[in-house]
Amino acid sequence: MRRVGLGVVGLGVTVWLLATAALAEEVHVSAQVDKTTVELGTSVTLTITIEGDFAKAKLEPVAFPKVFAVVAQSQASNVSLRVGALKRSVSLVYVLVPQEAGTFQLGPFHILHEGKALLTDPIEVVVTKPTLPPRLEETPRYTL
């Protein structure tokens, strides 16, 4: 008795289950920064991550307060299969450099998915003035 046919059927069922799981997958959007307090002129890395079946999702234009200069941006995608579950995500990474001191809000950022807006929480970033090095005390001069 040959079991090849059963293996092909088993493989077909597995592919169908994966495809069904991918279609039913929810979409989540999140945002995070590498630090929430920075000195003026020091970069902050913001990562916006969309997880799930984002094929139909549309990221609204990303806007930042005018005090932040965008000095770099990149995108990374990840697909993994764990215990029969397909996990997909895309991350948008922005390197921002503040141009003035103060407290600023990044976000909320949002995507549209199947007619619904999904929002991230806003992130507060505190930009401080650079600290100056301590003053060196003047050394006394001795005369002979």
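The values are calculated or read from the model by the stated rules, or taken from the named source; none is laboratory data. Computed from a prediction, not measured in an experiment: that's the story for all the values here. FYI the Cβ positions are ideal-geometry reconstructions off the backbone, even for glycines, and counts take in every protein chain you see.
Some notes on this structure:
- Only one of 62, 90 that is within 13 Å of the chain's Cα centre (by Cα), closer than 23 Å to residue 105 by Cβ, β-branched (Val, Ile, Thr) and surrounded by 12 or more Cβ atoms within 10 Å (Cβ to Cβ): 62
- Whenever a residue of the stretch 124-138 is surrounded by fewer than 10 Cβ atoms within 10 Å (Cβ to Cβ), its partners that are modelled with pLDDT of 60 or more, lying with C-beta atoms within less than 9 angstrom and at least six residues away or across chains, give the pairs 131/39.
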